[in-house]
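Written below as structure tokens is the structure these notes are about.
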Amino acid sequence: MCIRDRYQRRVRGLCTLLCQPTMGFFDADLAYPTVRVERLKHKRARLVQGPNSFFVDCKCPQCFAVTTVYSHATTEVKCAGCDEKLTRQTGGKVRFVEGASVRRKKD
């Protein structure tokens, strides 16, 4: 039986570490976790705390104007050029309308 089968429900995100044949459970270096494991953790449980939100450049499907949108915007965002709706309201992350191209901004 694979180690992954036994610990998959208990240890979320560490399955990739446990399935490597050369690395046992206690051989994982807790001071230097992998990027993949850190991404799965809560923003306050990470080794270095950081937000989950980011800014996005959204291109309007009609006039091709670029508008900067917050990833967790709670209100509808309209295009600055043609006043077309670019996002829909949700409770969490923003939902973009069909046809709008999106690119995450660099930090």
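The values are calculated or read from the model by the stated rules, or taken from the named source; none is laboratory data. Quick caveat, the model's predicted, so the values are computed rather than measured. Using ideal geometry, Cβ is built from the backbone for each residue, glycine included, and neighbour counts are taken over all protein chains shown. What goes into the accessible areas is simple: the full protein's heavy atoms, side chains included, and nothing from ligands, DNA or RNA. Shrake-Rupley method; radii C 1.70, N 1.55, O 1.52, S 1.80 Å.
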Would you confirm whether any residue within the range 79-102 is open to solvent by 70 Å² or more (accessible area, probe 1.4 Å), in contact with a Gly (Cβ under 9 Å, 6 or more places away or on another chain) and either farther than 28 Å from VAL37 by Cα or not in a loop (DSSP other than H, G, I, E, B) (or both)? no
Checked the range 86-105 for anything closer than 15 Å to CYS60 by Cβ and of a type in the set (S, T, N, Q); matches are THR87, SER101
Can you find even one residue in the range 51-66 that is at pLDDT below 90, of a type in the set (A, V, I, L, M) and either open to solvent by 70 Å² or more (accessible area, probe 1.4 Å) or not in a loop (DSSP other than H, G, I, E, B) (or both)? no
Reported set for the range 50-101 where residues are within 14 Å of the chain's Cα centre (by Cα) and among the β-branched types (Val, Ile, Thr) is VAL56, VAL94
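Just one of ARG95, ARG88, ARG36 is under 22 Å from LYS105 (Cα atoms), modelled with pLDDT of 85 or more, among the charged types (D, E, K, R) and touching an Asp or Glu at 6+ places or on another chain (Cβ under 9 Å); which is it?
Matching residue, one of ARG95, ARG88, ARG36: ARG88.
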Checked pairs for the range 49-75, first on the phi > 0 side of the Ramachandran plot, second in a loop (DSSP other than H, G, I, E, B) and open to solvent by 20 Å² or more (accessible area, probe 1.4 Å), C-beta under 9 Å and 6 or more apart or across chains, list as PHE64/GLY81
